[in-house]
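Every number in this text was worked out from the coordinates using simple rules, so none of it is lab data. Given the structure is predicted, the values throughout are model-derived calculations rather than measurements. We place every Cβ from the backbone using ideal geometry, glycine too, and count neighbours over all the protein chains shown.
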Amino acid sequence: MIKDKLADHLKTSLKKIDVTEKEINLDHPQNPRFGDFTTNISLRLGKKLGKKPLEIANQIVSHFTKNQAIEKVEIVKPGFINFWLSDKYLTSILTNSAISKFDFPSHHLGSNKKIMIEFAHPNTHKLFHIGHLRNISIGESLVRIFEAVENKVIRSNYQGEVGLHIAKCLWYIKYKISEKELTEIRKKSLQERMSFLGKAYAKGQVAYDEDEKAKKEIIEINGMIYKQSGDVLRLWKETVKWSFDYFAEIYKRVYSKFDRLYPESEFARRGVEIANLAEKKGILKRSQGALVFDGKLYGLDTRVFINSLGYPTYEGKELALAEKEFSEFGELDKCIHVVTPEQTSFFKVTFKVEELLDEKKYKNKQYHLAYEWVKLKKLGKMSSRMGNIVAADWLIDQAKEKILKKFNCGTDTAEKIAIAAVKYSFLKNGVFSQIAFDFDESISLEGNSGPYLQYTYVRCGSVLKKAGQADVRLTNAGGLQLEREERDLLRILVNFSEVVQESAKKLSPNLVANYLFDVAQTFNLFYQKHKILDVKEPIKNIRLLLTKATAEVIKEGLYLLGIKTVEKM
RNA sequence: GCCCCCAUAGCUCAACGGACAGAGCGAUUCCCUUCUAAGGAAUAGAUAUCAGUUCAAUUCUGAUUGGGGGUACCA
């Protein structure tokens with residue numbers, strides 16, 4: 001990358017004034033008035049060398065070796081040094097990116113590192129809501145971004161089909177729904193069956209809180225599921241399958257897939273075994289009939305791994321899950337858990353216990369990516385109990401309907417645009433900020449939205465199609481004076497691989513999203529101001545190359561976000 | 001009580017310690033006999049409060065206020 005080369009040049013210049021620096025800050029200034037790259041190195045050195053920053057800057061620049069890529073170097077006010085890339089260099093880059101070769105540098109983990117990303121993890125018997133949708137959008141995008149920077153990525157998904165919430169749901173069906181009614185429900189669509197389960201859960205929850213007898217029965221059912229015996233087991237298996245089928249449909253719909261789906265029930269027994277082993281090693285201890293980890297020693301919370309009934313808690317099962325995750329695919333370099341921040345305490349504790357069990361295997365390998373909630377703008381936090389859940393598939397359907405009503409396009413295209421609208425509305429935000437979900441904004445087709453990017457791609461395609469393949473040649477346009485809009489676009493396009501690398505480092509798909517928006521905006525202004533086809537050569541060719549590069553960057557970038565492009569809108 | 005996270009324009013969000021804090025939506029006003037107007041241009045509009053560190057603070061530190069989450073047998 002040009003950035004690294006520039007940094008090397010600067011280091012050489014510094015050596016000539018007897019300064020050795022390991023790292024040189026090189027940034028893209030916010031304002032294009034300050035060039036393509038800027039460094040604050042002389043400001044930083046000011047105090048160290050006891051000289052005025054401006055003076056240092058002058059010395060650095062006087063020793064700076066000229067090269068073709070850099071057109072101009074400037075020293076400004078307190079001591080910034082700004083660099084301008086030459087049109088010649090920019091256009092040469094253009095011809096590279098316009099032939100669809102993206103040179104993503106490998107991630108800091110190093111190429112061919114093995115990373116597991118664990119995401120989605122919905123619980124059965126509940127709706128897959130927009131919180132899960134944000135999760136799966138982030139997870140899927142991270143997978144693709146990590147792959148782009150040359151890591152080996154394993155996609156895993158831990159689906160909960162055991163636990164009290166499921167017992168509550170089954171309790172309602174067992175005691176309040178007749179066999180006849182159930183037969184009717186079985187005939188209904190998957191969607192309807194799922195919404196039935198949702199309602200059953202809400203009813204069971206109320207009964208658990210208000211009715212002592214029901215509470216006892218629910219706990220009993222919970223035990224049956226853990227022991228995998230008793231008369232609810234058939235009902236449990238049947239309804240679990242409904243859920244898994246329903247999830248599979250959603251995964252497919254949002255273009256996700258998993259190398260491994262871990263069902264929670266698989267880890268109960270082994271979880272107990274590992275917890276007992278941990279007790280022998282003195283990592284866990286007995287307390288009030290339960291097996292707990294005393295976190296005080298490490299400044300952590302105390303958490304239960306096996307409850308007083310002998311059942312493993314979520315913590316207990318996590319130990320078995322980790323064991324499996326870290327062995328099934330060989331050694332992992334990193335395991336990233338995409339989970340909301342309410343589980344921060346849980347992860348800190350389980351990570352610590354795992355580390356105490358096997359330091360070599362787990363230490364510094366586990367990471368909790370605490371992406372934030374999706375809250376409803378008006379109603380606040382979603383909760384199954386309150387019945388204010390926005391289901392993922394419902395939301396996508398709404399977007400699709402809106403598109404079909406407003407535009408003349410096929411249902412396949414409408415589906416791709418709907419997915420783009422909804423996913424992008426989540427991905428454009430930073431993962432660590434809460435989203436105030438707004439229905440209209442989430443299915444927005446204009447402005448900073450997925451469809452806007454798709455539209456820009458289609459626009460590019462339309463121009464290129466009209467031009468015909470023969471016109472898009474990779475000629476050398478050296479010496480050509482670029483228009484301002486052309487240069488602005490080019491400057492942004494050349495940053496693509498840098499942005500992708502940054503987004504991998506920071507686990508932040510939103511960097512890619514906002515970058516693409518920037519690309520699209522800049523292209524659209526260029527498009528508005530300049531004719532592409534109806535101009536003379538070689539200008540026409542340069543503009544076509546710009547158009548092609550824009551299309552390719554948008555397509556690749558959208559792929560990294562888990563969004564498809566369409567050919568016509 | 002204790003611990004963690006957050007606070008930027010009317011709304012929703014950006015901004016590696018840097019140079020006049022960027023967008024989108026909404027509002028007002030323009031631009032389709034033209035390569036797709038799901039587009040473009042223009043105007044108005046913001047760093048919660050108080051200290052500190054720094055050549056430079058939305059960014060770091062400490063308080064204050066206001067939100068969110070967690071804090072042993074749920075997941």
Counting only backbone N atoms under 19 Å from a point 7 Å out along Cα-to-Cβ of A:K536, the residues of the range A:478-513 in range are A:478-484
Residue-normalised 222 nm signal for chain A, counting each DSSP H run of n ≥ 4 as -39,500 (n - 2.57), nearest 500 deg cm²/dmol, is -17500 deg cm²/dmol
Computed curve, the range A:403-465, Cα-only Debye sum without solvent term, log₁₀ I(q)/I(0) at 0.21, 0.30 Å⁻¹, is -0.87, -1.31
Taking a label point 7 Å from the Cα of A:D18 along Cα-to-Cβ, the residues of the range A:24-58 whose backbone nitrogen sits under 20 Å from it are A:42-58
In terms of the alpha carbon gyration tensor, root eigenvalues a ≥ b ≥ c, rounded if a/c is under 1.5 and otherwise prolate when a/b exceeds b/c or oblate, chain A is oblate
In whole Hz, the Karplus estimates of ³J(HN,Hα) for the range A:420-430 (6.51, -1.76, 1.60; θ = phi - 60°; x where Gly or Pro) are 4, 4, 6, 4, 4, 4, 8, 6, 5, 8, x
So, with points 7 Å from each Cα along the Cβ direction, the A:K361-A:D488 label distance in nm works out to 5.6
The extension gain from A:T183 to A:K568, computed as 0.36 nm times the residue separation minus the Cα-Cα distance, is 134.1 nm
The ratio Rg/Rh over the Cα atoms of the range A:174-238, Rh being the Kirkwood inverse mean 1/r radius, stands at 0.98
Between A:E150 and A:K215, Cβ-based FRET efficiency (R0 41 Å, step 0.05) works out to 0.15
Whole-Å distance linking the alpha carbon centroid of the range A:259-327 with that of the range A:240-254 is 29
Per 5 angstrom bin, beginning at 0 and ending with the bin that holds the maximum distance, the Cα pairs of the range A:2-85 fall in percents of 3, 16, 29, 29, 17, 6, 1
Within the range A:338-366, the residues whose backbone N lies under 15 Å from a label point placed 7 Å from the Cα of A:K375 along the Cα-to-Cβ direction are A:341-342
Extension length gain for A:E238 and A:K324 (0.36 nm per residue less Cα distance), in nm, is 28.4 nm
extent check for the range A:202-326: Cα max minus min per principal axis, descending, whole Å, gives 46, 42, 27
Taking N as the residue count of the range A:440-569, its alpha carbon Rg divided by 2.2 N^0.38 Å gives 1.07
Note on chain A, DSSP bridge orientation, antiparallel percent to nearest 5 equals 45
Non-local residues with an amide H under 5 Å from the amide H of A:H368, with H modelled 1.01 Å from N and Pro and chain starts lacking one, are A:H337
Residues meeting the amide H criterion for A:E71 (H placed from the backbone, H to H distance under 5 Å, 5 or more places apart or on another chain) are A:W84, A:L85, A:S86
Most packed first (mean Cβ within 10 Å per residue), the peptides A:515-526, A:21-32 order as A:515-526, A:21-32
Under 5 Å from the placed amide H of A:N40, counting only residues 5+ away or on other chains, we find A:N25
A chain fully extended from A:E192 to A:F407 at 0.36 nm per residue, minus the present Cα-Cα distance, gains in nm 74.5 nm
Given a Förster distance of 51 Å, the FRET efficiency implied by the Cβ-Cβ spacing of A:Q343 and A:S92, rounded to the nearest 0.05, works out to 0.55
Whole-Hz Karplus couplings 3J(HN,Hα) for the range A:399-406, θ = phi - 60° and coefficients 6.51, -1.76, 1.60, Gly and Pro as x, run 4, 4, 4, 4, 5, 5, 6, 8
Longest principal axis of chain A (C-alpha) makes with the long axis of helix A:190-210 (C-alpha) an angle, in degrees to the nearest 10, of 60
Rounded to the angstrom and largest first, Cα extents along the principal axes for the range A:115-376 equal 56, 48, 34
